[in-house]
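Here the structure is laid out as structure tokens; the discussion comes afterwards.
The values are calculated or read from the model by the stated rules, or taken from the named source; none is laboratory data. Model, not experiment: these values are computed from the prediction. For neighbour counting, all protein chains shown are included, and Cβ atoms are generated from backbone atoms with ideal geometry for every residue, glycine included.
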């Protein structure tokens, strides 16, 4: 007869007489039994800040229940196309904060921006010069870009994922009659680090605001609008993964982006295609022209900078931590 398994509770640290003041250290103690040092640290800091928030705000039961219902509603409205939790992370500024922490850039590197909730994995791979739009109502735009390293050398063979809205300010996945990908594609940088494509002049649009996140923005007297932009994502082995976007200067929402994605280095002016450029790229003269030189950093460059910034930040917080795989854990040595 197999011996009975010892109940997990038998080896758990005993909980003390719980009060407002001691519930936090008790919760941290009971959560500190894992052999995963990073998980233990994450849970300790999460509990600490959640409990401090409740104590500092004297959180009411009604407010606590409203927050629970809000999160449940975010789950109910989410599906394969719409992720309300990413939207929530975006409007709280958390998405941009996490990207900045994990992908810091040296002075010459192209800065990152938010991924947003509408990236898909079904974009077609197109050769340079192709059109990625099927929208006849939009204003045509030629984009001519390069990918270089921090020394100014071209980076060939970079996978570039590109996506934007149509002229109505909607991504293809927001249309019920979607038959396939549109206003999105994947290209590869050539031997000179170049890639170019035909798309649409981007337009301002509102993030989905018919759900719980939109209602939250309304209660905060915030608008749901994003300035006109085009998304880009760069991938190549050995290079830091870059998610970014380019924004049009002068857009009415340039300085109040609902998801905090705009950085001045990513704001640009469009030109018009002249005859020489039209002949070179096989497009009509006079359409909109976007030019931009992206600068990638190597994974090694980024990880070194990330570790330096993490060490500096932890020292300022007075935390006794060490970095393991570029992530802080308690230093118990």
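Within segment 297-308, work out how many residues are within 20 Å of the chain's Cα centre (by Cα) and part of a helix (DSSP H, G or I).
First pass over segment 297-308, keeping only residues within 20 Å of the chain's Cα centre (by Cα): 297-299, 302-303, 305-306.
The next check asks that each one be part of a helix (DSSP H, G or I); those that pass are 299, 302-303, 305-306.
Number of matching residues: 5.
Which of the numbered conditions does residue 114 fail, given that it passes all the others? Conditions: (1) in a loop (DSSP other than H, G, I, E, B); (2) touching a residue at least 40 places away in the same chain (Cβ under 8 Å); (3) more than 21 Å from residue 225 (Cα to Cα).
All conditions pass for residue 114, except number (3).
Does residue 316 satisfy being surrounded by fewer than 16 Cβ atoms within 10 Å (Cβ to Cβ) and in a strand (DSSP E or B)?
no
Pick out the one residue from 199, 211, 169, 193 that is at pLDDT 95 or above and in contact with a helix residue (DSSP H, G or I) (Cβ under 8 Å, 6 or more places away or on another chain).
Values: 199 fails: in contact with a helix residue (DSSP H, G or I) (Cβ under 8 Å, 6 or more places away or on another chain); 169 fails: in contact with a helix residue (DSSP H, G or I) (Cβ under 8 Å, 6 or more places away or on another chain); 193 fails: in contact with a helix residue (DSSP H, G or I) (Cβ under 8 Å, 6 or more places away or on another chain).
After applying the criteria, what remains is 211.
Would you confirm, using the coordinates I've provided, whether residue 284 is at pLDDT 95 or above, part of a helix (DSSP H, G or I) and in the same structural domain as residue 121 (by TED's automatic domain parsing)? Steps first, answer last, please.
Working: at pLDDT 95 or above: yes; part of a helix (DSSP H, G or I): no; in the same structural domain as residue 121 (by TED's automatic domain parsing): yes.
When the stated conditions are applied, residue 284 does not pass them.
Mind listing whichever residues of segment 239-265 are on the phi > 0 side of the Ramachandran plot and more than 14 Å from the chain's Cα centre (by Cα)?
If the condition is that a residue be on the phi > 0 side of the Ramachandran plot and more than 14 Å from the chain's Cα centre (by Cα), then 250 is the only one that fits.
Which of the residues that make up segment 235-249 are surrounded by 23 or more Cβ atoms within 10 Å (Cβ to Cβ) and out of contact with any strand residue (DSSP E or B) (no Cβ under 6 Å at 6 or more places or on another chain)?
Passing the criteria: only 240.
Output the residues belonging to segment 130-175 that are free of Cβ contacts under 8 Å to residues at least 60 places away in the same chain and more than 24 Å from residue 228 (Cβ to Cβ). Don't jump to the end; show me each part of the working.
If we filter segment 130-175 for residues that are free of Cβ contacts under 8 Å to residues at least 60 places away in the same chain, which is where we start, we get 134, 136-137, 151-154, 156, 165-172, 175.
Selection gives 151, 152, 153, 154, 156.
Please list, ordered by first then second residue, the pairs with beta carbon atoms under 6 Å, 6 or more apart or interchain, first in segment 267-293 and more than 25 Å from residue 148 (Cα to Cα), second part of a helix (DSSP H, G or I).
285/275; 285/278
Does residue 236 meet the test of being in contact (Cβ under 8 Å) with a residue 60 or more places away in the chain, within 20 Å of the chain's Cα centre (by Cα) and in the same structural domain as residue 288 (by TED's automatic domain parsing)? Working first, answer last.
Numbers: in contact (Cβ under 8 Å) with a residue 60 or more places away in the chain: yes; within 20 Å of the chain's Cα centre (by Cα): yes; in the same structural domain as residue 288 (by TED's automatic domain parsing): yes.
So residue 236 fits the description; yes.
So how many residues does segment 45-87 have that are under 24 Å from the mean Cα position of the chain (by Cα) and either surrounded by 14 or more Cβ atoms within 10 Å (Cβ to Cβ) or under 30 Å from residue 174 (Cβ atoms) (or both)? I'd like the intermediate steps shown before the answer.
Let us first name the residues in segment 45-87 that are under 24 Å from the mean Cα position of the chain (by Cα), namely 45-46, 49-50, 67, 70-87.
From what is left, the residues that are either surrounded by 14 or more Cβ atoms within 10 Å (Cβ to Cβ) or under 30 Å from residue 174 (Cβ atoms) (or both) are 67, 70-87.
Of the residues in segment 45-87, 19 are under 24 Å from the mean Cα position of the chain (by Cα) and either surrounded by 14 or more Cβ atoms within 10 Å (Cβ to Cβ) or under 30 Å from residue 174 (Cβ atoms) (or both).
Yes/no per residue for (1) surrounded by 12 or more Cβ atoms within 10 Å (Cβ to Cβ); (2) closer than 28 Å to residue 192 by Cβ; (3) in contact with a helix residue (DSSP H, G or I) (Cβ under 9 Å, 6 or more places away or on another chain):
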{"residue": "251", "(1), (2), (3)": "yes, no, no"}
{"residue": "259", "(1), (2), (3)": "yes, no, yes"}
{"residue": "267", "(1), (2), (3)": "yes, yes, no"}
{"residue": "332", "(1), (2), (3)": "no, no, yes"}
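Residue check, residue 35 against (1) assigned to a loop (DSSP other than H, G, I, E, B); (2) in contact with a helix residue (DSSP H, G or I) (Cβ under 8 Å, 6 or more places away or on another chain); (3) under 30 Å from residue 303 (Cβ atoms); (4) not assigned by TED's automatic domain parsing to the domain that holds residue 234, all met but one. Which one?
(2)
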